[in-house]
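The values are calculated or read from the model by the stated rules, or taken from the named source; none is laboratory data. What you see is a predicted model; the values in this text were computed from it and never measured. Glycine gets a Cβ as well: all are built from the backbone with ideal geometry, and neighbour counts include every protein chain shown. Side chains are part of the model used for accessible areas, which takes the heavy atoms of the whole protein and leaves out ligands, DNA and RNA. Shrake-Rupley method; radii C 1.70, N 1.55, O 1.52, S 1.80 Å.
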Amino acid sequence: MLFRSDSAIANLRKRSVITERRYNDTFAIWEGSDVDIDGRFLEATKNVPEDVSLAESLRAHFNHQPIVAKRHSAKTGTLRFFEVAFVDAMDGRLGDEPARIDADGKILFVLASTPAQRAAFESRIKEVELAYNTILAVPPNASSLKELLWRVSCWRWVLANTPQLETDRVARKELAARLADAEQSVVEWLDEWRGTGSGSATWYWQGERVRFSKPRALQEFLSTVMDRQFPDTPIIKNELVNRNNLSSAAAAARRLLLEAMVTSGEKPQLGLVGNPPQLSMYFSVFQETTIHRVENGKYGFFKPTNEAEMGIRAVWEAIYVFLVRSEKEKLTVADLFAELGTPPFGLKRGILPLLVTAVFLSYETEVAIYERGNFIPRLSLPVLERMCRAPETFSVQLCRIGGVRSEVIAGLAEVLAPNRRSDRTIDLLTIVRPLAQFAQGLPEFSQNTSRLSPLARNVRRVLFSAREPAKLIFEFLPEACGCDAFTATEAVDAEKVRSFSEHLQNALSELKRSYKELLNEIESQMINAFALSESNLREELQMRSKAISSYAASLKLKGFLVRAADSKLDYTAWLESVGTQVVGRPPSSWRDHEIATFEVNIMELARSFNNLEALVFERLKDTRAGSDAELIRINLSQMGGSEHSKVVAVRPSEREVLEEATDLRSEEHTS
């Protein structure tokens, strides 16, 4: 019976009805192909070298899935995983390559082609210096793996060097099946090495052998390594934000949460309602950790309570210690992120901006924040978004005061922050922030004009050039006000503090008035140019402009009439609108020379305005002239005397006589 089966199979193969698949010892119905797959494989064995590196072959053709430390990840809410990498036992660079950026550890499979290589490596295992989170696995009998990898390389050679495959679907299908089977054999070997049976790998950690007695022992060991590597990882169970790379939806939710932090920190749940994803982030990051809570009847961001879990308390303390170190010199936010992202914390990049911002807001009167060296008066969403994208461009510095400097701050607080809450501590930044906001809020004119006293100009220069709050308040501003700097050790001098405060207040008041005085000058020149009453100038000019606007032909005059007749703007905006039309730039951005430009231009516009106004008035008044009469304004000026003008109506029949008289007068002047 067996003879008859062999005979039938041989007959079917001869007739090309079936084909033998030697790689898995089976037969399959042959659809027909012009490509000899077995022949091409035989050709590959002649061209593919057998002495290739096992590690290089695995890295080139196989992307091994990472292994998750499940217990640790479930306990902390922070996903931890080990990258799987391969290296040859005789490779002197063992352990030189760090784990990829997102991996929390590395499992390094050491591949020995012969038992002798394996024995040589294990004899020097204690000499190998590896990172704490790197685990070694030495598989047995790697020579069989070498054969499997070589077969994979051969089939890949056939795929790359058989152009007939492009037009032969049957051959492509057959080759894909054989390549997939070869690759699966390698994967099965790798999976077996990860086991705990007699054929599994030998495991080492920190130079010592680790033995696993049950199938799940490896998983438990990986979590134990992570527990020891990151003992201060806070428990934050939110998969949306507690990760390195956020989805677009999670990034948008974090953005809204950051915005709520800087705008609604005094509200329950930061003012978030409903069930948006940012609210779930709030519960996990701020409510469960006790960071956002009520203190003294008010909501805010505070140090976690003693009842909060240990990890979040350790993170908060680490951030504050970092700020204390910054008191001597500014430190970058990127450095802070790096510290929190490494052991013993291991915070993920998605969560870092939220926790760091909470600490900044908690100590907002003591922590100065800089972007590219420039002081940031107040945190805002755009600032935080830039900090998330480029933390290396941001730096922080803790600013604390004592002694006479406390008296200086108290004196300045009466000037710069008179409406502060009585329960808020007066700190250096309580004063610096209003000063910075005041300077940034000055119109461009006030930032550049020289029409100021030397005191105001000195104070303005210091406000825009100083980079450090402490030096600004205690050194640069006192010197700009004609006072000596306040050192940290000198005795309190109440008169010196009072004098400095008064001089600074006078300078700030002058800077604040400078733009208002510019608008007053615009108003005064308009009164003179158009002969307007001071008490009713806008109404008068609006009424006169509306009466003649439809007769204006000049674009320049017509534009002025439209601005002057506008009744929708408030008074200040109306003056600014007129000034913009006359000079071509808003008064807020004028330079000093443009004040003279306004004076010249407004006088020219006033002459055109008055001429047109007289013509229109005569046309409306002199009804006897008839509709065919032409109105002409005649100006007579006598050197050293006054100027006279009159509007006359000239009928067509009278024009010839007028022209003759004009010509005769011209001849008298030239003779």
Inset, instruction - Of all residues in segment 145-172, count the ones that are more than 47 Å from the chain's Cα centre (by Cα) and free of Cβ contacts under 8 Å to residues at least 12 places away in the same chain. - result: 6
Inset, instruction - Return a yes/no flag: does segment 532-552 have any residue that is surrounded by 15 or more Cβ atoms within 10 Å (Cβ to Cβ) and under 43 Å from the mean Cα position of the chain (by Cα). - result: no
Legend entry - Qualifying positions in segment 424-454 - open to solvent by less than 40 Å² (accessible area, probe 1.4 Å), among the hydrophobic types (A, V, I, L, M, F, W, C) and under 22 Å from residue 409 (Cα atoms): 428, 429, 431, 432, 435, 436, 439
Inset, instruction - Could you please tell me which pairs satisfy a Cβ distance under 7 Å, a separation of 6+ or placement on different chains, a first residue in segment 455-473 that is within 13 Å of residue 503 (Cβ to Cβ), and a second residue that is of a type in the set (Asp, Glu) and open to solvent by less than 70 Å² (accessible area, probe 1.4 Å)? - result: 456/510
Legend entry - Every residue from segment 214-238 that is over 17 Å from residue 135 (Cα atoms) and either outside any loop (DSSP other than H, G, I, E, B) or out of contact with any Leu (no Cβ under 8 Å at 6 or more places or on another chain) (or both): 214, 215, 231, 232, 235, 236, 237, 238
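Look at segment 260-280 and say how many of its residues are under 20 Å from the mean Cα position of the chain (by Cα) and crowded, with 18+ Cβ neighbours inside 10 Å.
4
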Legend entry - Counted residues, segment 173-191 - those being over 15 Å from residue 147 (Cβ atoms), charged (D, E, K, R) and under 49 Å from the mean Cα position of the chain (by Cα): 1
Inset, instruction - Inspect segment 421-441 for any residue being modelled with pLDDT of 85 or more and not in a helix (DSSP H, G or I) and give the result as yes or no. - result: no
Inset, instruction - Take residue 504 and decide whether it is more than 26 Å from residue 608 (Cβ to Cβ) and either touching a residue at least 60 places away in the same chain (Cβ under 8 Å) or assigned to a loop (DSSP other than H, G, I, E, B) (or both). - result: yes
Inset, instruction - Determine if segment 444-451 includes at least one residue that is among the aromatic types (Phe, Trp, Tyr), at pLDDT 95 or above and more than 22 Å from the chain's Cα centre (by Cα). - result: yes
Inset, instruction - Go through segment 332-359 and count every residue that is among the β-branched types (Val, Ile, Thr) and not in a helix (DSSP H, G or I). - result: 3
